[in-house]
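**Q** The structure under discussion is supplied below as C-alpha coordinates; questions concerning it will follow.
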Amino acid sequence: MTSSEREARAALMRAADVGDTTMGRLVRHLGALGAVEAIRERTLPSAFIAQEARQERPCDLSGRLNAWFVRLAASKPAADLEAGAQAGARLIIPGDAEWPTQLDDLGPSRPLGLWLHGTADLRFACLKSVAVVGARAATQYGLHIAAGFGIGLSEAGWSVVSGGAYGVDGAAHKGALLADAPTVVVLACGVDVCYPSGHQDLFARARDQGVVISECPPGVHPTRARFLIRNRLIAALTRGTAVVEAALRSGALNTAGHALSLNRHLGAVPGPTTSALSAGCHKLLRERKAVCVTTPEEMIELVGVMGDDLAAQPRTPVVARDRLSESTKRVLDAIPNRGGAGPASIAVSAGVSMEITLSALGGLAAAGYIERTAGGWRLRKTTVSYLKAPESIALDPPPANEAPATDPPPPSEDDSLPPPHPQEFAATSGRMRTK
(Lines give C-alpha, C1' and ligand atoms only; values in the text may rest on other atoms or scores of the structure.)
Protein backbone atom coordinates (compact mmCIF):
# COMPACT_ATOMS: atom_id res chain seq x y z
CA MET A 1 0.00 0.00 0.00
CA THR A 2 1.26 3.48 -0.84
CA SER A 3 2.61 5.08 2.32
CA SER A 4 2.40 8.80 1.60
CA GLU A 5 0.40 11.43 -0.23
CA ARG A 6 3.33 12.13 -2.54
CA GLU A 7 3.79 8.46 -3.45
CA ALA A 8 0.03 8.08 -3.90
CA ARG A 9 -0.07 10.92 -6.39
CA ALA A 10 3.02 9.59 -8.16
CA ALA A 11 1.21 6.24 -8.53
CA LEU A 12 -1.99 7.89 -9.81
CA MET A 13 0.05 9.86 -12.36
CA ARG A 14 1.08 6.49 -13.79
CA ALA A 15 -2.43 5.05 -13.58
CA ALA A 16 -4.37 7.86 -15.28
CA ASP A 17 -3.79 9.81 -18.46
CA VAL A 18 -2.72 13.44 -18.07
CA GLY A 19 -5.70 15.73 -17.70
CA ASP A 20 -8.09 12.89 -16.81
CA THR A 21 -11.02 14.79 -15.32
CA THR A 22 -12.64 11.60 -13.98
CA MET A 23 -9.52 10.88 -11.95
CA GLY A 24 -9.47 14.51 -10.85
CA ARG A 25 -13.00 14.23 -9.48
CA LEU A 26 -12.18 10.91 -7.78
CA VAL A 27 -9.18 12.43 -6.00
CA ARG A 28 -11.30 15.39 -4.94
CA HIS A 29 -13.92 12.95 -3.63
CA LEU A 30 -11.63 10.51 -1.79
CA GLY A 31 -8.21 12.12 -1.65
CA ALA A 32 -5.13 10.62 -3.29
CA LEU A 33 -4.67 7.83 -0.74
CA GLY A 34 -8.37 6.95 -0.84
CA ALA A 35 -8.36 6.92 -4.63
CA VAL A 36 -5.42 4.49 -4.69
CA GLU A 37 -7.18 2.20 -2.25
CA ALA A 38 -10.47 2.29 -4.20
CA ILE A 39 -8.71 1.46 -7.47
CA ARG A 40 -6.81 -1.43 -5.91
CA GLU A 41 -10.05 -2.84 -4.53
CA ARG A 42 -11.77 -2.08 -7.87
CA THR A 43 -14.68 -0.57 -5.97
CA LEU A 44 -15.82 3.02 -6.33
CA PRO A 45 -18.16 4.78 -3.87
CA SER A 46 -21.80 4.77 -4.91
CA ALA A 47 -22.01 8.54 -4.42
CA PHE A 48 -19.14 9.01 -6.87
CA ILE A 49 -20.73 6.67 -9.41
CA ALA A 50 -24.00 8.64 -9.18
CA GLN A 51 -22.08 11.90 -9.56
CA GLU A 52 -20.33 10.66 -12.70
CA ALA A 53 -23.62 9.51 -14.20
CA ARG A 54 -24.84 13.10 -14.05
CA GLN A 55 -21.90 14.44 -16.05
CA GLU A 56 -22.62 15.99 -19.43
CA ARG A 57 -20.57 13.28 -21.13
CA PRO A 58 -20.35 10.33 -18.73
CA CYS A 59 -17.53 7.91 -19.48
CA ASP A 60 -17.44 4.12 -19.27
CA LEU A 61 -16.59 4.12 -15.59
CA SER A 62 -16.12 0.35 -15.41
CA GLY A 63 -13.67 0.37 -18.33
CA ARG A 64 -11.83 3.37 -16.92
CA LEU A 65 -11.51 1.64 -13.52
CA ASN A 66 -10.08 -1.52 -15.12
CA ALA A 67 -7.48 0.53 -17.00
CA TRP A 68 -6.51 2.35 -13.80
CA PHE A 69 -6.21 -0.95 -11.95
CA VAL A 70 -3.83 -2.48 -14.50
CA ARG A 71 -1.62 0.60 -14.68
CA LEU A 72 -1.59 1.12 -10.93
CA ALA A 73 -0.48 -2.46 -10.37
CA ALA A 74 2.51 -1.86 -12.66
CA SER A 75 3.46 1.49 -11.10
CA LYS A 76 6.46 1.93 -8.85
CA PRO A 77 6.03 5.36 -7.24
CA ALA A 78 8.98 5.03 -4.86
CA ALA A 79 11.23 4.17 -7.78
CA ASP A 80 9.90 7.16 -9.73
CA LEU A 81 10.69 9.52 -6.86
CA GLU A 82 14.16 8.04 -6.44
CA ALA A 83 14.90 8.18 -10.18
CA GLY A 84 13.70 11.77 -10.33
CA ALA A 85 15.89 12.76 -7.39
CA GLN A 86 18.94 11.14 -8.99
CA ALA A 87 18.30 13.10 -12.19
CA GLY A 88 17.91 16.34 -10.24
CA ALA A 89 14.12 16.51 -10.60
CA ARG A 90 11.52 16.91 -7.88
CA LEU A 91 7.79 16.19 -7.61
CA ILE A 92 5.56 18.91 -6.19
CA ILE A 93 1.90 18.38 -5.30
CA PRO A 94 -0.98 20.66 -4.24
CA GLY A 95 -0.25 22.08 -0.82
CA ASP A 96 3.51 22.35 -1.33
CA ALA A 97 5.07 25.80 -0.94
CA GLU A 98 6.20 25.73 -4.57
CA TRP A 99 2.77 24.77 -5.98
CA PRO A 100 1.22 27.56 -8.14
CA THR A 101 -2.28 28.02 -6.74
CA GLN A 102 -3.57 29.43 -10.05
CA LEU A 103 -3.60 25.85 -11.33
CA ASP A 104 -6.67 25.32 -9.13
CA ASP A 105 -8.63 27.20 -11.82
CA LEU A 106 -8.38 24.06 -13.94
CA GLY A 107 -10.86 22.29 -11.67
CA PRO A 108 -10.96 18.51 -12.16
CA SER A 109 -8.30 18.73 -14.90
CA ARG A 110 -5.78 20.18 -12.43
CA PRO A 111 -2.62 18.06 -12.56
CA LEU A 112 -2.17 15.52 -9.80
CA GLY A 113 1.40 16.76 -9.43
CA LEU A 114 4.21 18.35 -11.40
CA TRP A 115 7.72 17.14 -12.03
CA LEU A 116 10.22 20.01 -11.92
CA HIS A 117 13.83 20.14 -13.04
CA GLY A 118 15.60 23.45 -12.57
CA THR A 119 16.81 26.07 -10.14
CA ALA A 120 13.86 28.49 -10.16
CA ASP A 121 10.96 28.35 -7.74
CA LEU A 122 7.93 27.64 -9.93
CA ARG A 123 5.41 29.55 -7.82
CA PHE A 124 7.54 32.70 -7.69
CA ALA A 125 8.46 32.41 -11.38
CA CYS A 126 4.77 32.32 -12.33
CA LEU A 127 3.54 35.16 -10.09
CA LYS A 128 4.27 37.62 -12.92
CA SER A 129 4.39 35.57 -16.08
CA VAL A 130 3.23 35.68 -19.69
CA ALA A 131 2.85 32.78 -22.09
CA VAL A 132 4.34 33.36 -25.55
CA VAL A 133 3.17 30.74 -28.06
CA GLY A 134 3.09 30.32 -31.81
CA ALA A 135 3.89 28.24 -34.84
CA ARG A 136 6.67 25.67 -34.93
CA ALA A 137 7.45 26.41 -38.59
CA ALA A 138 7.61 30.12 -37.81
CA THR A 139 8.66 32.78 -40.29
CA GLN A 140 11.65 35.05 -39.71
CA TYR A 141 9.12 37.71 -38.76
CA GLY A 142 7.60 35.45 -36.10
CA LEU A 143 10.99 34.43 -34.70
CA HIS A 144 12.06 38.09 -34.48
CA ILE A 145 8.85 39.13 -32.69
CA ALA A 146 8.97 36.16 -30.29
CA ALA A 147 12.59 36.81 -29.33
CA GLY A 148 11.81 40.49 -28.83
CA PHE A 149 8.89 39.60 -26.57
CA GLY A 150 11.10 37.24 -24.59
CA ILE A 151 13.73 39.93 -24.05
CA GLY A 152 11.30 42.77 -23.39
CA LEU A 153 9.11 40.85 -20.94
CA SER A 154 12.11 39.53 -19.04
CA GLU A 155 13.81 42.91 -18.75
CA ALA A 156 10.57 44.28 -17.29
CA GLY A 157 10.51 41.57 -14.62
CA TRP A 158 8.03 39.17 -16.23
CA SER A 159 8.75 35.46 -16.66
CA VAL A 160 8.23 33.85 -20.05
CA VAL A 161 6.34 30.55 -20.16
CA SER A 162 6.15 28.42 -23.30
CA GLY A 163 6.24 24.87 -24.61
CA GLY A 164 9.87 24.51 -25.63
CA ALA A 165 9.05 23.60 -29.25
CA TYR A 166 10.84 24.77 -32.37
CA GLY A 167 9.84 28.13 -33.81
CA VAL A 168 8.10 30.74 -31.68
CA ASP A 169 8.41 28.80 -28.40
CA GLY A 170 12.15 28.37 -28.70
CA ALA A 171 12.70 31.97 -29.79
CA ALA A 172 10.76 33.27 -26.77
CA HIS A 173 12.76 31.08 -24.37
CA LYS A 174 16.04 32.19 -25.97
CA GLY A 175 15.03 35.83 -25.66
CA ALA A 176 14.33 35.40 -21.94
CA LEU A 177 17.65 33.62 -21.41
CA LEU A 178 19.51 36.37 -23.24
CA ALA A 179 18.05 38.80 -20.71
CA ASP A 180 19.43 36.61 -17.88
CA ALA A 181 15.90 35.95 -16.64
CA PRO A 182 14.19 32.70 -15.60
CA THR A 183 11.97 30.98 -18.14
CA VAL A 184 9.49 28.13 -17.64
CA VAL A 185 9.44 25.30 -20.19
CA VAL A 186 6.29 23.15 -20.08
CA LEU A 187 6.91 19.76 -21.71
CA ALA A 188 4.53 17.12 -23.05
CA CYS A 189 6.91 14.36 -21.96
CA GLY A 190 8.95 13.48 -18.90
CA VAL A 191 11.44 16.09 -17.72
CA ASP A 192 14.21 13.56 -18.39
CA VAL A 193 13.19 13.25 -22.06
CA CYS A 194 14.53 15.87 -24.47
CA TYR A 195 11.91 16.65 -27.09
CA PRO A 196 12.59 18.18 -29.51
CA SER A 197 16.09 16.74 -29.47
CA GLY A 198 17.55 19.85 -31.11
CA HIS A 199 16.74 21.86 -27.98
CA GLN A 200 18.99 19.92 -25.64
CA ASP A 201 21.25 22.92 -25.04
CA LEU A 202 18.25 25.25 -24.67
CA PHE A 203 16.69 23.02 -22.01
CA ALA A 204 20.01 22.81 -20.18
CA ARG A 205 20.22 26.60 -20.04
CA ALA A 206 16.56 26.80 -19.01
CA ARG A 207 17.24 24.45 -16.09
CA ASP A 208 20.19 26.60 -15.01
CA GLN A 209 18.24 29.89 -15.11
CA GLY A 210 14.65 28.72 -14.81
CA VAL A 211 12.77 25.45 -14.62
CA VAL A 212 11.53 22.67 -16.93
CA ILE A 213 8.22 21.15 -15.83
CA SER A 214 5.86 18.34 -16.81
CA GLU A 215 2.91 16.43 -15.41
CA CYS A 216 4.20 13.28 -17.14
CA PRO A 217 6.23 10.84 -15.04
CA PRO A 218 9.91 10.29 -15.86
CA GLY A 219 10.59 8.36 -19.05
CA VAL A 220 7.25 9.20 -20.70
CA HIS A 221 7.54 10.20 -24.36
CA PRO A 222 5.33 12.80 -26.07
CA THR A 223 2.22 12.07 -28.08
CA ARG A 224 -0.05 14.35 -30.06
CA ALA A 225 -2.74 14.21 -27.39
CA ARG A 226 -0.28 15.11 -24.62
CA PHE A 227 0.73 18.26 -26.49
CA LEU A 228 -2.87 19.47 -26.58
CA ILE A 229 -3.50 18.61 -22.94
CA ARG A 230 -0.21 20.24 -21.95
CA ASN A 231 -1.38 23.55 -23.40
CA ARG A 232 -3.89 24.07 -20.60
CA LEU A 233 -0.97 24.30 -18.13
CA ILE A 234 0.73 27.01 -20.19
CA ALA A 235 -2.48 29.05 -20.14
CA ALA A 236 -3.26 28.42 -16.46
CA LEU A 237 0.20 29.22 -15.10
CA THR A 238 0.28 32.73 -16.58
CA ARG A 239 -1.67 35.97 -16.36
CA GLY A 240 -2.08 36.08 -20.10
CA THR A 241 -1.07 34.52 -23.41
CA ALA A 242 0.49 36.24 -26.42
CA VAL A 243 -0.05 34.44 -29.73
CA VAL A 244 2.74 35.52 -32.10
CA GLU A 245 2.00 33.36 -35.15
CA ALA A 246 -0.70 30.72 -35.54
CA ALA A 247 -2.28 28.89 -38.43
CA LEU A 248 -6.03 28.36 -38.46
CA ARG A 249 -5.43 24.83 -37.18
CA SER A 250 -2.64 24.90 -34.63
CA GLY A 251 -1.59 24.18 -31.09
CA ALA A 252 -1.21 27.91 -30.47
CA LEU A 253 -4.93 28.45 -31.04
CA ASN A 254 -5.59 25.51 -28.73
CA THR A 255 -3.63 27.34 -26.01
CA ALA A 256 -5.59 30.50 -26.79
CA GLY A 257 -8.82 28.57 -26.32
CA HIS A 258 -7.68 27.38 -22.89
CA ALA A 259 -6.71 30.95 -21.94
CA LEU A 260 -10.18 32.20 -22.86
CA SER A 261 -11.91 29.41 -20.93
CA LEU A 262 -9.80 30.30 -17.86
CA ASN A 263 -10.61 34.03 -18.18
CA ARG A 264 -6.97 34.87 -18.82
CA HIS A 265 -5.91 37.83 -20.93
CA LEU A 266 -5.26 37.01 -24.58
CA GLY A 267 -3.15 39.05 -26.99
CA ALA A 268 -2.43 38.41 -30.66
CA VAL A 269 0.32 39.84 -32.85
CA PRO A 270 -0.86 40.82 -36.35
CA GLY A 271 1.13 39.74 -39.37
CA PRO A 272 1.03 40.00 -43.15
CA THR A 273 -2.43 39.37 -44.54
CA THR A 274 -0.88 37.00 -47.09
CA SER A 275 0.74 34.80 -44.43
CA ALA A 276 -1.10 31.60 -43.54
CA LEU A 277 0.82 31.54 -40.25
CA SER A 278 -0.83 34.79 -39.19
CA ALA A 279 -4.36 33.74 -40.18
CA GLY A 280 -5.07 32.37 -36.71
CA CYS A 281 -3.99 35.63 -35.05
CA HIS A 282 -6.16 37.62 -37.44
CA LYS A 283 -9.11 35.33 -36.69
CA LEU A 284 -8.74 35.97 -32.95
CA LEU A 285 -8.57 39.73 -33.57
CA ARG A 286 -11.49 39.76 -36.01
CA GLU A 287 -13.69 37.83 -33.58
CA ARG A 288 -12.58 40.18 -30.77
CA LYS A 289 -11.33 37.32 -28.66
CA ALA A 290 -7.83 38.82 -28.41
CA VAL A 291 -6.33 42.28 -28.04
CA CYS A 292 -3.86 43.47 -30.66
CA VAL A 293 -0.36 43.63 -29.17
CA THR A 294 2.74 44.61 -31.11
CA THR A 295 5.33 45.16 -28.36
CA PRO A 296 6.21 43.61 -25.00
CA GLU A 297 5.10 46.87 -23.35
CA GLU A 298 1.61 46.50 -24.81
CA MET A 299 1.39 42.92 -23.53
CA ILE A 300 2.48 44.05 -20.06
CA GLU A 301 -0.18 46.76 -20.14
CA LEU A 302 -2.76 44.06 -20.95
CA VAL A 303 -1.82 41.72 -18.10
CA GLY A 304 -0.34 44.18 -15.60
CA VAL A 305 -1.76 46.38 -12.88
CA MET A 306 -4.19 48.98 -14.16
CA GLY A 307 -2.56 52.40 -14.13
CA ASP A 308 0.91 51.10 -13.20
CA ASP A 309 1.90 49.15 -16.31
CA LEU A 310 0.74 51.45 -19.08
CA ALA A 311 2.61 51.28 -22.37
CA ALA A 312 4.02 54.52 -23.74
CA GLN A 313 1.79 56.14 -26.35
CA PRO A 314 3.43 56.19 -29.80
CA ARG A 315 4.12 59.70 -31.07
CA THR A 316 3.61 60.85 -34.62
CA PRO A 317 6.82 61.86 -36.41
CA VAL A 318 7.64 65.57 -36.31
CA VAL A 319 8.61 67.24 -39.61
CA ALA A 320 10.18 70.64 -40.16
CA ARG A 321 6.89 72.15 -41.39
CA ASP A 322 5.32 71.43 -37.98
CA ARG A 323 7.64 74.01 -36.40
CA LEU A 324 6.45 76.87 -38.63
CA SER A 325 4.12 79.48 -37.16
CA GLU A 326 0.52 79.54 -38.32
CA SER A 327 0.98 82.75 -40.30
CA THR A 328 4.09 81.36 -42.02
CA LYS A 329 2.20 78.18 -42.93
CA ARG A 330 -0.55 80.30 -44.51
CA VAL A 331 2.00 82.19 -46.54
CA LEU A 332 3.62 78.95 -47.66
CA ASP A 333 0.26 77.54 -48.74
CA ALA A 334 -0.41 80.66 -50.83
CA ILE A 335 2.80 80.36 -52.87
CA PRO A 336 2.24 78.71 -56.27
CA ASN A 337 4.03 75.58 -57.38
CA ARG A 338 4.56 76.85 -60.93
CA GLY A 339 5.16 80.27 -62.38
CA GLY A 340 5.49 82.82 -59.62
CA ALA A 341 3.63 85.34 -57.51
CA GLY A 342 4.53 88.69 -56.01
CA PRO A 343 4.38 89.53 -52.30
CA ALA A 344 1.14 91.49 -52.68
CA SER A 345 -0.82 88.67 -54.31
CA ILE A 346 0.63 86.19 -51.80
CA ALA A 347 -0.45 88.43 -48.91
CA VAL A 348 -3.99 88.61 -50.29
CA SER A 349 -4.20 84.82 -50.82
CA ALA A 350 -2.79 84.12 -47.36
CA GLY A 351 -5.01 86.72 -45.68
CA VAL A 352 -2.15 88.30 -43.76
CA SER A 353 -0.49 91.72 -43.79
CA MET A 354 2.31 92.69 -46.18
CA GLU A 355 4.72 93.02 -43.27
CA ILE A 356 4.05 89.45 -42.11
CA THR A 357 4.24 88.20 -45.70
CA LEU A 358 7.64 89.79 -46.38
CA SER A 359 9.02 88.44 -43.11
CA ALA A 360 7.68 84.95 -43.86
CA LEU A 361 9.04 84.98 -47.42
CA GLY A 362 12.53 85.71 -46.19
CA GLY A 363 12.43 82.94 -43.64
CA LEU A 364 10.96 80.41 -46.07
CA ALA A 365 13.57 81.25 -48.69
CA ALA A 366 16.38 80.84 -46.16
CA ALA A 367 14.96 77.49 -45.07
CA GLY A 368 14.81 76.26 -48.66
CA TYR A 369 11.04 76.05 -49.02
CA ILE A 370 10.72 78.63 -51.81
CA GLU A 371 12.81 80.34 -54.47
CA ARG A 372 12.67 83.65 -56.35
CA THR A 373 12.15 83.57 -60.10
CA ALA A 374 11.61 86.18 -62.80
CA GLY A 375 7.87 85.82 -62.29
CA GLY A 376 8.00 86.08 -58.50
CA TRP A 377 8.07 83.59 -55.66
CA ARG A 378 7.32 79.86 -56.16
CA LEU A 379 7.85 76.60 -54.29
CA ARG A 380 11.30 75.14 -54.70
CA LYS A 381 11.36 72.05 -56.87
CA THR A 382 12.68 68.90 -55.27
CA THR A 383 13.84 65.82 -57.09
CA VAL A 384 13.09 62.43 -55.59
CA SER A 385 14.41 59.26 -57.19
CA TYR A 386 13.00 55.80 -56.56
CA LEU A 387 14.41 52.40 -57.33
CA LYS A 388 12.28 50.79 -59.98
CA ALA A 389 10.76 47.49 -58.95
CA PRO A 390 10.70 44.65 -61.47
CA GLU A 391 7.53 44.57 -63.52
CA SER A 392 6.84 40.99 -62.47
CA ILE A 393 6.69 41.81 -58.76
CA ALA A 394 2.88 41.71 -58.72
CA LEU A 395 2.94 38.23 -60.20
CA ASP A 396 5.79 36.73 -58.21
CA PRO A 397 4.60 34.56 -55.30
CA PRO A 398 5.89 35.40 -51.82
CA PRO A 399 9.03 33.50 -50.82
CA ALA A 400 8.43 30.18 -49.14
CA ASN A 401 9.30 29.99 -45.46
CA GLU A 402 11.81 27.36 -44.47
CA ALA A 403 10.61 25.29 -41.54
CA PRO A 404 13.23 24.34 -38.96
CA ALA A 405 14.22 20.74 -38.59
CA THR A 406 11.76 18.84 -36.46
CA ASP A 407 11.71 15.46 -34.82
CA PRO A 408 9.59 12.80 -36.50
CA PRO A 409 5.82 12.63 -35.90
CA PRO A 410 3.47 11.90 -34.21
CA PRO A 411 3.78 14.81 -31.75
CA SER A 412 3.02 17.76 -34.04
CA GLU A 413 0.95 20.56 -32.53
CA ASP A 414 0.42 22.29 -35.87
CA ASP A 415 -1.37 19.18 -37.15
CA SER A 416 -3.37 18.83 -33.96
CA LEU A 417 -7.02 19.26 -33.20
CA PRO A 418 -8.55 22.76 -33.26
CA PRO A 419 -8.99 24.74 -30.03
CA PRO A 420 -11.73 23.82 -27.55
CA HIS A 421 -15.24 24.44 -28.90
CA PRO A 422 -14.14 25.77 -32.32
CA GLN A 423 -16.42 27.52 -34.74
CA GLU A 424 -16.07 26.24 -38.27
CA PHE A 425 -15.75 28.80 -40.98
CA ALA A 426 -14.66 29.08 -44.59
CA ALA A 427 -11.56 31.08 -45.38
CA THR A 428 -11.07 32.82 -48.65
CA SER A 429 -7.80 34.10 -49.99
CA GLY A 430 -6.92 36.59 -52.66
CA ARG A 431 -3.91 38.29 -54.19
CA MET A 432 -3.55 42.04 -54.37
CA ARG A 433 -2.26 43.52 -57.61
CA THR A 434 -0.58 46.84 -58.08
CA LYS A 435 -0.93 48.97 -61.14
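**Q** Considering only residues that are without any contact (Cβ under 8 Å) to a residue 40 or more places away in the chain and open to solvent by less than 60 Å² (accessible area, probe 1.4 Å), which ones fall in segment 68-87?
**A** 79
**Q** A follow-up question, please. Looking at segment 228-246, which of its residues are within 28 Å of residue 273 (Cα to Cα) and either modelled with pLDDT under 95 or in contact with a His (Cβ under 6 Å, 6 or more places away or on another chain) (or both)?
**A** If the condition is that a residue be within 28 Å of residue 273 (Cα to Cα) and either modelled with pLDDT under 95 or in contact with a His (Cβ under 6 Å, 6 or more places away or on another chain) (or both), then 228, 231, 235, 240 are the ones that fit.
**Q** Next up: Quick check: anything in segment 257-264 within 14 Å of the chain's Cα centre (by Cα) and outside any helix (DSSP H, G or I)?
**A** So far as segment 257-264 goes, yes, one or more of its residues are within 14 Å of the chain's Cα centre (by Cα) and outside any helix (DSSP H, G or I).
**Q** Please go through segment 265-286 and give me each residue that is open to solvent by less than 70 Å² (accessible area, probe 1.4 Å), of a type outside the set (S, T, N, Q) and over 11 Å from the mean Cα position of the chain (by Cα), ordered by number.
**A** 270, 271, 272, 277, 279, 280, 282, 283, 284, 285
Conditions tested, residue by residue: (1) assigned to a helix (DSSP H, G or I); (2) open to solvent by 10 Å² or more (accessible area, probe 1.4 Å); (3) not hydrophobic (A, V, I, L, M, F, W, C).
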site: 160; (1), (2), (3): no, no, no
site: 170; (1), (2), (3): yes, no, yes
site: 202; (1), (2), (3): yes, yes, no
site: 208; (1), (2), (3): yes, yes, yes
site: 216; (1), (2), (3): no, no, no
site: 219; (1), (2), (3): no, yes, yes
site: 245; (1), (2), (3): no, no, yes
site: 255; (1), (2), (3): yes, no, yes
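**Q** Sort through 53, 38 and tell me the only one that's over 28 Å from residue 234 (Cα atoms), of a type in the set (Gly, Ala, Ser) and open to solvent by less than 20 Å² (accessible area, probe 1.4 Å).
**A** 38
**Q** OK, next. What pairs come out if I take residues in segment 133-148 that are without any contact (Cβ under 8 Å) to a residue 40 or more places away in the chain and pair them with residues that are surrounded by fewer than 24 Cβ atoms within 10 Å (Cβ to Cβ) and basic (Lys, Arg) whose C-beta lies under 7 Å away, six or more apart or interchain?
**A** Note: pairs meeting the criteria are 147/174.
**Q** Spot the failing condition for residue 43; the list is (1) surrounded by 15 or more Cβ atoms within 10 Å (Cβ to Cβ); (2) not in a helix (DSSP H, G or I), and only one is missed.
**A** Evaluating residue 43 over (1) surrounded by 15 or more Cβ atoms within 10 Å (Cβ to Cβ); (2) not in a helix (DSSP H, G or I) leaves (1) as the failure.
The values are calculated or read from the model by the stated rules, or taken from the named source; none is laboratory data. Here the structure is a predicted model, which means the values were calculated and not measured. We place every Cβ from the backbone using ideal geometry, glycine too, and count neighbours over all the protein chains shown. Surface accessibility is based on the protein's heavy atoms, side chains included, excluding ligands, DNA and RNA. Shrake-Rupley method; radii C 1.70, N 1.55, O 1.52, S 1.80 Å.
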